[in-house]
Structures are given as structure tokens and as C-alpha cells.
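A quick write-up on the structure given underneath.
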Amino acid sequence: MNYHHLDQHGQPIALPPGKVLCIGQNYQDHIAEMNSKTAPEALFFMKASTALCHLQQPLLLPQGQGEVHNETELAVLIQSPLSKASEDETLSAVWGYGLALDLTLRDVQKRLKELGRPWDIAKGFDRACPVSGFVAAAHIADPQQLEFSLQVNGQPRQAGHTGMMIRSVARILAELSQHFTLLPGDLVLTGTPAGVGPLLPGDHLRIELNDFFIVQTSVSA
């Protein structure tokens, strides 16, 4: 695996690549577009560290497994351990914030859901988590006041505001830490807004986080 965390300027961050912890169903508009059933408990799932790759590189999608959908999300890079933490304790453990694509084999996920089986292989395959560089937390006054967007071939596809999250970043980290110890270098993905859809070979993507950065990439043909 040739991945290491980078800052927004492309400089290495001295943290090892770790596990990727994710939350589903954290934006109401995405829940509606997927006709999903919800529960009071958070929907958490994981991606292996081998899912990590750099967003700036061409995206390599699995072949022959149906549609691969984009899910653009705020990504949180952990710098110090969190275990059984309160919400007030969590944000001090954050190195910074970036963006990630939670690439999803949608047809595979749908089939596994219908069978009542876990859908890890639809979410955690190799290179299923392309990530941007990270903006240091000191430069972000409030992680619940961030806007991000995805364009595909020049057309708007996703636009999110972290203030619309059902669970805030601090709450997500606190709840996750009740089940899993978060370690330096781990990533936490915070959910996607509406606008998911298939990516195709040759597609050009433009991903933006506030005024901090723009990343442009493409899907490998």
C-alpha cells in the first residue's frame, strides 16, 4: 500500500495510515433518496487501511461488479487515542479535516442487504476510500460550519453542509469511541448528503472544501 496522510499542501503528516471508521445515514436528504430504514442507533461500519488511496490519483474502480457510486464525505484525521470519550473530549484528538469518497459497490450492497448479510465487501475493497489532504484543525474554527461539493464532468452532483449532519463530528467520535479505540492515524468518515450516483470510466471529478482546497481527479478508463 503506497498511501500516507498528507496535509492540504501535499506534505506528509507524521501519522500512520490506520483503520477507517464510517457512519451511514447521517444526512436526512441521503436517507430519503435511498429509501432507507433508520433506527435511533448510529449505523457504523469500517473500511480496512488498504482501502485508503490518494484522491489526487486516478480512481481505479472494480470491474464486473455493477455500479460504483460516489459518496462525498468530510473525513476526520485522528492524532491521539480516544476510548470511552465524552463529546467534550473528542475534538482535541483531531489532527485535521479533509474530504473522502466512500466508494460503494451499490449493486453488491443491495444484494447483500436483501440477503440480510453484512456489506463490507461493497464498502471496504482496495482503493475504496480516496482521500484528500487534510487541513489542520487549528485552521477550522467549527467543523459544523463547513461546505463541500462534488462536480462530475462539470455538473454539480453533491453539495453538503456539515451543519446538516444528524450527528455532529464530536458526537460521532464519542459514540464510536464507546465501541472502538480510535488510534493516531485512524480516519472517521462522517456521512454523505444526497446526490450519490454511478461513476464511469473517463469521468472527471472536482471536489471542494470551503476555500481550503479543490481537488481534481478522474476515473481511470
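Comparison of ASP107, ASP102 shows that the only residue that is acidic (Asp, Glu) and open to solvent by 10 Å² or more (accessible area, probe 1.4 Å) is ASP107. Quick test of your reading of the structure: PRO130 fulfils all but one of (1) open to solvent by less than 10 Å² (accessible area, probe 1.4 Å); (2) more than 18 Å from HIS204 (Cβ to Cβ). Name the failing condition by number. With respect to (1) open to solvent by less than 10 Å² (accessible area, probe 1.4 Å); (2) more than 18 Å from HIS204 (Cβ to Cβ), PRO130 is out only on (2).
Take residues that are more than 18 Å from ASN2 (Cα to Cα) and tell me which of the strands (runs of 3 or more DSSP E) falling wholly in the range 24-81 contain 1 or more. Result: 43-47, 68-70, 72-78.
Here is the figure for the range 147-190: residues that are of a type in the set (A, V, I, L, M, F, W, C) and either on the phi > 0 side of the Ramachandran plot or crowded, with 21+ Cβ neighbours inside 10 Å (or both) total 11. When you check ASP88 against the structure, is it within 18 Å of the chain's Cα centre (by Cα), acidic (Asp, Glu) and not in a loop (DSSP other than H, G, I, E, B), yes or no? Taking the combined requirement at face value, the residue does not satisfy it.
Selection of the range 63-78 for residues being of a type outside the set (D, E, K, R) and open to solvent by less than 30 Å² (accessible area, probe 1.4 Å) yields VAL68, HIS69, ASN70, THR72, LEU74, ALA75, VAL76, LEU77, ILE78. Within the range 147-166, residues that are of a type in the set (D, E, K, R) reach partners that are assigned to a loop (DSSP other than H, G, I, E, B) with beta carbons closer than 6 Å, at six or more positions or on different chains, in the pairs GLU147/ASN210; ARG157/GLY195.
The values are calculated or read from the model by the stated rules, or taken from the named source; none is laboratory data. Predicted model only: the values in this text are computed from it and were never measured. For neighbour counting, all protein chains shown are included, and Cβ atoms are generated from backbone atoms with ideal geometry for every residue, glycine included. Accessible surface is based on the protein model in full, side chains and every heavy atom, while ligands, DNA and RNA are left aside. Shrake-Rupley method; radii C 1.70, N 1.55, O 1.52, S 1.80 Å.
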